[in-house]
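Let me begin by presenting the structure, written as structure tokens, before commenting on it.
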Amino acid sequence: MGLATALCPFFFIIDTSLPFAARIALASTAMATSGVSTALVGWCGHPYVTTIRTVADLSDSKPEENVVPRIEGIQLETWTLTLRPRFTTVFDSAFLVETKRPFAKWELAESVVLQRSSEAGSEVPTEETVAETMNAQGRVLGRWIVSWSEDGTKGVCRGEGKVQRFFNVHEELLPLSIR
């Protein structure tokens, strides 16, 4: 896109036998082609995951104890078209489901149905954050929130802000603890 923008003025500077309308048509075609190809690269590459990390809960253990941390979720690193990293932390991997979107393998679920509610007598939250997307500075850009039914078995999800929803991963390269 930048190269096309930089070279388009030369259509008008260089002396040729082309009429002015033809020069405008050539410059417009070059800019449109460059814009569409840049948009396609951005759309196809947006969900590509470069790094996956587990997020562990170490709050209950002391530093000197030899305790295996409980996995609290996974963090997926993607990049924007301007090469800025985005970190999406998914707190419950049950919300990552197969997608039909091209160039992606997983998506954050739109709805979830649990087999049974949480333990009898326990408080069922009405809403909870299941994923959040942050920039490199740690600023939260968006959240994926589930709203639970009264019995706590059905959840409907919605995005708030700019949450990364689709992810392209190679499952065969994942460790068994994440699969």
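Coordinate-derived values only; no laboratory data. What you see is a predicted model, and the numbers here were worked out from it, not measured in a lab. FYI the Cβ positions are ideal-geometry reconstructions off the backbone, even for glycines, and counts take in every protein chain you see.
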Taking H placed 1.01 Å from N in the peptide plane, check which residues at least 5 places from residue 154 or on another chain put their amide H under 5 Å from its amide H.
114, 149
Quick check: residue separation of residue 72 and residue 37 times 0.36 nm, minus the Cα distance between them. What number comes out in nm?
8.7 nm
Under 5 Å from the placed amide H of residue 86, counting only residues 5+ away or on other chains, we find 78, 79, 80
Show me 99-105, 135-141 ranked by packing, highest mean number of other Cβ atoms within 10 Å first.
99-105, 135-141
What FRET efficiency comes out for the pair residue 50/residue 158, r = Cβ-Cβ distance, R0 = 25 Å, nearest 0.05?
0.40
